Amino acid sequence: MKLNDIRVCVLRIEGTNCEDETYSAFKETGTNPERVHLKQLIGACPSSMRRDLSEYDILALPGGFSAGDYVRAGAIFAARMKSALSSELIEFVLDEKPVIGICNGFQILVELGMLPAFDEVMTKEPQAALATNASGRFECIPTFLRHENRGKSVFTRTLPKGKTVMFPSAHAEGNLMLPTEKKEKLLDRLTEEDQIVFRYVDPSGEYGGYPWNPNGSVRNIAGICNPIGNVLGLMPHPERVFHRYTHPDWTRTKNDPNGAGDGRAVFQSVAEYVKRKF
């Protein structure tokens with residue numbers, strides 16, 4: 001498949017506000033993205049605007065505050081998707097097509113039961129939660145991440161294991177939590193099954209507490225994938241550092257401001273995966 005034949009569904013509803021940046025990141029990678037409203041996938045629109053999820057090769061759930069983050073962040077978007085698109089989403093993942101959820105998108109994937117998805121593609125109930133930040137505040141901060149994945153995630157295969165990158169964070173509910181009675185067992189399982197993709201670190205690449213871990217997430221986890229490796233959720237925003245000139249330190253370094261930002265590798269990795277596989 002050629003890059004410009006790869007169709008990307010950038011899905012949104014009311015309150016989504018990062019669809020343009022996500023669209024642009026995929027577009028500059030050479031793929032063919034489209035901003036799609038959920039109503040277009042479920043048929044609540046004129047027939048001329050109708051879209052079918054199976055027509056796309058990648059599904060992206062951007063950041064924002066879908067449905068105002070009422071109930072819980074991502075809960076309403078997830079409920080609407082689950083009620084109308086469950087079978088299509090499961091088929092999409094089983095076809096090994098990639099799904100990425102960034103910030104609010106990660107919250108949606110957790111609410112859907114598509115992450116961590118230990119035993120099913122989509123569980124009936126969420127197996128984790130992205131709770132209010134330990135600071136009790138909305139945190140908008142450059143965050144350093146260490147790539148921990150050993151090769152399972154299709155979104156980070158061009159990133160060397162152990163490499164530290166900077167993706168900015170901007171969220172109020174990013175504190176990854178697991179059921180207390182099974183927490184340690186599930187955390188070990190995430191590690192053993194290579195589902196941990198990114199962890200928060202300090203500028204030297206070592207695990208650190210606040211502010212380096214901006215939300216208090218357990219074991220500094222910033223992003224995880226499903227057991228297949230084709231669904232990724234992460235709180236920080238790789239689309240906001242697609243170019244070097246959007247890094248906060250770009251004027252203090254000798255790097256080409258028009259060169260690749262740290263987030264570009266995420267989009268290039270998945271585009272290359274789809275290009276080779278399909």
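The values are calculated or read from the model by the stated rules, or taken from the named source; none is laboratory data. A quick note: this is a predicted structure, and the numbers were derived from the prediction, not measured. Ideal geometry is used to build each Cβ from the backbone, glycine not excepted, and the neighbour counts take in all protein chains shown.
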Hey, among LYS82, LYS27, LYS39, which residue is in contact with a strand residue (DSSP E or B) (Cβ under 8 Å, 6 or more places away or on another chain) and not polar (S, T, N, Q)?
LYS27
Checking VAL197 against (1) assigned to a helix (DSSP H, G or I); (2) within 17 Å of ALA117 (Cβ to Cβ), which single condition isn't satisfied?
(1)
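Would you call ILE228 in a loop (DSSP other than H, G, I, E, B) and under 24 Å from PRO62 (Cβ atoms)? Don't jump to the end; show me each part of the working.
Working: in a loop (DSSP other than H, G, I, E, B): yes; under 24 Å from PRO62 (Cβ atoms): yes.
So ILE228 fits the description; yes.
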For segment 14-33, name all the residues that are farther than 16 Å from VAL270 by Cβ, in a loop (DSSP other than H, G, I, E, B) and of a type in the set (S, T, N, Q).
ASN17
Go through PHE92, PHE106 for me and flag whichever is under 22 Å from LYS183 (Cβ atoms), assigned to a helix (DSSP H, G or I), modelled with pLDDT of 95 or more and among the aromatic types (Phe, Trp, Tyr).
PHE106
Residues within segment 70-89 that are out of contact with any helix residue (DSSP H, G or I) (no Cβ under 6 Å at 6 or more places or on another chain), modelled with pLDDT of 95 or more and at positive phi, tallied
0
Which ones in segment 55-79 are touching a strand residue (DSSP E or B) at 6+ places or on another chain (Cβ under 8 Å), among the hydroxyl-bearing types (Ser, Thr, Tyr) and either part of a loop (DSSP other than H, G, I, E, B) or closer than 22 Å to THR31 by Cα (or both)?
TYR56
Select from segment 86-115 the residues that are of a type outside the set (A, V, I, L, M, F, W, C), surrounded by fewer than 16 Cβ atoms within 10 Å (Cβ to Cβ) and closer than 21 Å to GLU272 by Cα and list them in ascending order.
ASP95, GLU96
On the given criteria, is SER24 within 16 Å of the chain's Cα centre (by Cα) and of a type in the set (Gly, Ala, Ser)?
yes
Tell me the residue from SER66, SER83 that is exposed (fewer than 15 other Cβ atoms within 10 Å of the Cβ) and either in contact (Cβ under 8 Å) with a residue 24 or more places away in the chain or more than 17 Å from the chain's Cα centre (by Cα) (or both), please.
SER83
Inside segment 197-239, can you point out the residues that are out of contact with any Gly (no Cβ under 8 Å at 6 or more places or on another chain), over 19 Å from ARG150 (Cβ atoms) and surrounded by fewer than 24 Cβ atoms within 10 Å (Cβ to Cβ)?
PRO203, SER204, GLU206, GLY208, GLY209, PRO211, TRP212, GLY216, VAL218
